[in-house]
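Down below is the structure, laid out as structure tokens.
The values are calculated or read from the model by the stated rules, or taken from the named source; none is laboratory data. Note that the structure is a prediction, hence the values are computed from the model and not measured. Every residue, glycine as well, gets a Cβ built from its backbone with ideal geometry; the counts of neighbours run over all protein chains shown. In case anyone asks, the SASA skips ligands and DNA or RNA and just uses the protein heavy atoms, side chains included. Shrake-Rupley method; radii C 1.70, N 1.55, O 1.52, S 1.80 Å.
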Amino acid sequence: ERHSENALALAKYLQGHQKVSWVNYPYLEGSNGYENAKKYLNGGGSGILTFGIKGGIEESKAFCRALKLVALAVTLGDVRSCIIHPATTSHSQLNEKDLLASGVTKDLLRVSVGIEDINDIIEDFENALKEI
């Protein structure tokens, strides 16, 4: 429950931020999977969300480096919040065509939202967004 609550709160925060171009989370009203999430996910959309930073790769990498609480890590589903920039890490061996075919855009950041206090998570994101 805490993962899902925190992820939804973070998704809503990011959705309204001027430096964020898009947010994808199943329980985010208006998302492509929203109706199916309500129907099948029993009130929780998990702790995983993706979003894009305006500007692309350099801004995305700078954002990740600026985070203090949220760890830069490949781990998903941990109790601590983690983030990764797939285009330059887990999918870096792919060319641009294959990246897009796999759904990885240059600005995509994948977050595994943990169970820390949501205010601390949002504050960390806010401070990192100020630095880019």
*For residues that are charged (D, E, K, R) and open to solvent by 90 Å² or more (accessible area, probe 1.4 Å), scanning just segment 1-34, find the one that is farthest from Asp124 (Cα to Cα).*
Glu29
*Hits in segment 5-34 - residues which are touching a residue at least 12 places away in the same chain (Cβ under 8 Å) and either of a type in the set (D, E, K, R) or in a helix (DSSP H, G or I) (or both)*: Glu5, Asn6, Ala7, Leu8, Ala9, Leu10, Ala11, Lys12, Tyr13, Leu14, Gln15, Lys19
*Within the set of pairs 6+ apart or on separate chains, which have a first residue in segment 105-125 that is at negative phi and part of a strand (DSSP E or B), a second that is open to solvent by 20 Å² or more (accessible area, probe 1.4 Å) and among the small types (Gly, Ala, Ser), and C-beta atoms under 8 Å apart?*
Ser112/Gly77
*Taking segment 65-84 as the search range and keeping residues that are under 19 Å from Ile122 (Cβ atoms) and not hydrophobic (A, V, I, L, M, F, W, C), which one is surrounded by the fewest Cβ atoms within 10 Å (Cβ to Cβ)?*
Lys68
_Residue among Lys54, Lys19, Lys39 that alone is in contact with a helix residue (DSSP H, G or I) (Cβ under 6 Å, 6 or more places away or on another chain) and not small (Gly, Ala, Ser)_ = Lys19
*Hey, among Ala128, Ala87, Ala62, Ala37, which residue is of a type in the set (Gly, Ala, Ser), surrounded by fewer than 18 Cβ atoms within 10 Å (Cβ to Cβ) and outside any loop (DSSP other than H, G, I, E, B)?*
Ala62
